[in-house]
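**Q** Handing you this structure, nothing more for now.
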Amino acid sequence: MHKWTITTTATGKKRQVQVILYERLQDLRGAVTKYENKNGKSEHLDADVIAICHSFFTQKIGKKQEVELEYPLVNIIRLSREYLTPMIIAHEFAHAAQHIYGLDYLMSWKNPMNGANEEFAEIYGELFNAFWPMIHTQVTFKNSNRTTIKI
Ligand SMILES: [Zn+2]
């Protein structure tokens, strides 16, 4: 298992995404079940999950009380080495990016730009997946840690 924490300040707030790469799909599914049981969720317990982005905007203090997030970590992306493609990575990052956008600009799950917008993640993931094979053999990526883009 590998674990990374990445940060964006694009919205003006520090927001972090934890990315966990599991060696085996069953390890990922075990972690999803454990996470969802712990957090009172069940939407993915019986699903054929091959990758997932858990997004949250409250944190637990005590057993029942929840408050608005004070720490910057707002998404956990879980990937499996057995099912890993550029499309899956792009898809899960689309969920994470939408959640951060929703948190810092909209503050509502009812707005279409939120971490649960499956349709947006599918569109973004497919476009990225279609482009990635064309570009990645053509160029050497430079300044890959640059975070602002002006065109
Ligand atoms: Zn999705």
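**Q** Any idea which residue in the stretch 42-60 is farthest from residue 118 (Cα to Cα), counting only those that are more than 15 Å from the ligand (Cβ to nearest atom) and modelled with pLDDT under 80?
**A** Only one residue fits best here, namely 60.
**Q** Quickly run through the stretch 78-111 and pick out the residues that are in contact with a helix residue (DSSP H, G or I) (Cβ under 9 Å, 6 or more places away or on another chain) and farther than 29 Å from residue 134 by Cβ.
**A** Correct list: 108, 109, 111.
**Q** Ok, one more. Out of curiosity, is residue 70 away from the ligand (no atom under 16 Å from the Cβ), under 16 Å from residue 17 (Cα atoms), modelled with pLDDT under 90 and among the charged types (D, E, K, R)?
**A** Judged against the criteria, residue 70 is a match.
**Q** Name every residue in the stretch 21-50 that is surrounded by 12 or more Cβ atoms within 10 Å (Cβ to Cβ) and touching a helix residue (DSSP H, G or I) at 6+ places or on another chain (Cβ under 7 Å), in order of residue number.
**A** Across the stretch 21-50, the qualifying residues are 22, 44, 45, 49, 50.
**Q** Checking the structure you have, find out if any residue of the stretch 7-24 is part of a loop (DSSP other than H, G, I, E, B), basic (Lys, Arg) and touching a residue at least 60 places away in the same chain (Cβ under 8 Å).
**A** Yes, the conditions are met somewhere in the stretch 7-24.
The values are calculated or read from the model by the stated rules, or taken from the named source; none is laboratory data. Bear in mind that the values here come from a model prediction, so they are computed numbers and not experimental data. Glycine gets a Cβ as well: all are built from the backbone with ideal geometry, and neighbour counts include every protein chain shown.
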